[in-house]
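Novice: Sharing a structure here in structure tokens format.
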Amino acid sequence: MNAINVMQLKNKLKKIAQEQSLTPQSVNTLYAIEMFLKRLEASAYRENFILKGGLLVTAKLGFQSRTTKDIDATLCHRKLDENSIREILQEIVQIDLDDDFSFSIKGIETIREKNQYSGLRIHLNAICQTLSIPFAMDVTVGDRITPHEIEMSFPSLFGNTATTLKSYNLETLLAEKLNAILVMGVANTRMKDFFDVHSIWQMLANEISVETLSIAISETANFRNNAAVLNEASEILRSIKDSEILAEYWQRYQKTFSVANRYSFAEVCASIEAIVKQALSTY
């Protein structure tokens, strides 16, 4: 790729951002992630990473409806420590796909939730001559996937060949987000989880098995040692729906993420309640 093509790439990314009312940074990040995923697909570690989280939501809903700034993945059949993950990622990013992109690992830090080790966050930089794009990858181990991972196509930003990798199924994705919503209750500030659950239910309900979702919700709660919240789901969701603070958080989220303006907080809560009511016999 020569210098003029780099300028063309920048202009194409900028055009997408303008057309979709997205920030240039968010579109650049999506492209950097795409270039990394293509290397993962071509690597010997393709079967070891199971993608999840916001990246999966973006792939299912389309980047026009949901962007992401990092990669979330579960590592399987490999040890997760700083030295091991650095070696694995160095091998992945050194794959030459003749696209003039190179990658560097800027740092690795431990992710802790409630003072417990839960994985590693790797900070990377994608470089194409004068274009430099930072992004992150969060890697965990031992996650419960119900019933199992699937093959998922991740579309190209420019409509090129999609990348196919291992990922969560929709039911497990929803189960984890619903678990976080129920456990955090009115203390939750992660409005993107509310948006994701509502959007997936509105746009992809026909792809979701309520029976599998029910099992996934139970398995996730048991795995996270918080199954008691399932018996309190009705009360928790009522408190969330009635929370003026959460409604205000939603309004703030709408200001920073314009696509969320499509939905009121009441609509989002109604979707979450409908999902839980269908999936939980204890509701």
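None of the figures in this text is laboratory data; all of them are computed from the coordinates on show. Because the structure is a prediction, the values reported are computed rather than measured. Every residue, glycine among them, receives a Cβ derived from its backbone with ideal geometry; neighbour counts consider all protein chains shown.
Novice: Would you mind getting me the FRET efficiency between residue 232 and residue 202? Use the beta-carbon distance for r and R0 = 22 Å, nearest 0.05.
Specialist: With R0 = 22 Å, the Cβ-Cβ based efficiency is 0.30.
Novice: Then there is this: Extent of the range 122-177 along each principal axis, from alpha carbon coordinates, in Å, largest to smallest?
Specialist: Largest first, the range 122-177 extends 44, 27, 16 Å along its Cα principal axes.
Novice: Run through the range 83-134 and list the trypsin sites (Lys or Arg not before Pro) located in a DSSP loop whose Cβ has at most 11 other Cβ atoms within 10 Å. Display every interim value, and only then the final one.
Specialist: Numbers: sites: 86, 106, 112, 114, 121; in loops: 114.
The qualifying sites are 114.
Novice: So how many Lys-Lys pairs in the range 171-279 land under 16 Å Cα to Cα, not counting same-chain pairs under 8 apart? Display every interim value, and only then the final one.
Specialist: Values: 177/192; 177/277; 192/241; 192/255; 241/277.
Qualifying lysine pairs in the range 171-279: 5.
Novice: While we're looking at this one, here's another question. With viscosity set to 1.306 mPa s and temperature to 10 °C, compute the Stokes-Einstein D of the range 221-282, Rh being the Kirkwood radius across alpha carbon pairs; µm²/s, no decimals. Walk me through the numbers on the way to the answer.
Specialist: On the way: Rh = 13.0 Å.
Rounded, D is 123 µm²/s.
Novice: Computed over the Cα atoms, what is the radius of gyration of the chain divided by 2.2 N^0.38 Å, N being its residue count?
Specialist: Details: Rg = 19.3 Å, N = 283, 2.2 N^0.38 = 18.8 Å.
With N residues counted in the chain, Rg over 2.2 N^0.38 Å equals 1.03.
Novice: Along each of its three principal axes, how wide is the spread of alpha-carbon positions in the range 17-110, in whole angstrom units, largest first?
Specialist: 41, 28, 24
Novice: If you don't mind, another one. Across 5 Å bins from 0, what is the distribution of all Cα-Cα pair distances for the range 53-207, in whole percents?
Specialist: Histogramming the range 53-207 at 5 Å steps yields 2, 7, 14, 19, 22, 17, 11, 6, 1, 0 percent.
Novice: Using only Cα atoms, find the angle between the long axis of helix 170-184 and the longest principal axis of the chain, and express it within 0 to 90 degrees, rounded to the nearest 10.
Specialist: For helix 170-184, the angle is close to 60 degrees.
Novice: How far, in nm, would the chain grow between residue 76 and residue 125 when pulled straight, counting 0.36 nm per residue and subtracting the alpha carbon separation?
Specialist: Values: separation 49, 0.36 × 49 = 17.64 nm, distance 2.42 nm.
This chain segment gains 15.2 nm when fully extended.
Novice: In deg cm²/dmol and to the nearest 500, what is the mean residue ellipticity at 222 nm of the chain if only DSSP H runs of at least 4 residues count, each as -39500 (n - 2.57), divided by the residue total? Before the final figure, lay out the partial values.
Specialist: Working: 11 runs with 142 residues, N = 283.
Helices in the chain give a 222 nm mean residue ellipticity of -16000 deg cm²/dmol.
Novice: With the dipole of the chain worked out from charges on the C-beta (+1 for Lys and Arg, -1 for Asp and Glu) around the Cα centre, which of 233, 140, 260 lies farthest toward the positive end?
Specialist: Looking along the dipole axis, the top candidate is 260.
Novice: DSSP loop trypsin sites (Lys or Arg not before Pro) in the range 45-78 with at most 16 other Cβ atoms within 10 Å of their Cβ, which ones? The partial results should precede the final answer.
Specialist: Values: sites: 46, 52, 60, 66, 69, 78; in loops: 46, 66, 69, 78.
The qualifying sites are 46, 69, 78.
Novice: What is the helix-to-structure angle for 191-204, meaning the angle in degrees between its Cα long axis and the longest Cα principal axis of the chain, kept from 0 to 90 and rounded to the nearest 10?
Specialist: 90 degrees
Novice: Taking the Cβ of residue 28 as the centre, find all other residues whose Cβ is under 12 Å away and add up their charges (Lys, Arg: +1; Asp, Glu: -1).
Specialist: Numbers: positive: 10, 12, 14, 69; negative: 34.
Value of the local net charge: +3.
Novice: Helix 3-19 against the longest principal axis of the chain: what's the angle in degrees, Cα atoms only, rounded to the nearest 10?
Specialist: Between the helix axis and the principal axis of the chain, the angle is about 20 degrees.
Novice: Using unit Cβ charges (K, R positive; D, E negative) and no other charged atoms, how large, in debye to the nearest 20, is the dipole of the chain about its Cα centre?
Specialist: Numbers: 30 positive and 34 negative charges, 130 e Å.
Once rounded to the nearest 20, the dipole reads 620 debye.
Novice: Can you compute the FRET efficiency between residue 44 and residue 239 using 1/(1 + (r/R0)^6), with r the Cβ-Cβ distance and R0 = 45 Å? Round to the nearest 0.05. Walk me through the numbers before you get to the answer.
Specialist: On the way: r = 48 Å, r/R0 = 1.07.
Step by step, r from the Cβ atoms, then E = 0.40.
Novice: Give me the tail of P(r) for the range 171-279 as a percent: Cα-Cα pairs with distance above 17 Å. Display every interim value, and only then the final one.
Specialist: Details: 2889 of 5886 pairs.
It works out to 49 percent of all Cα pairs.
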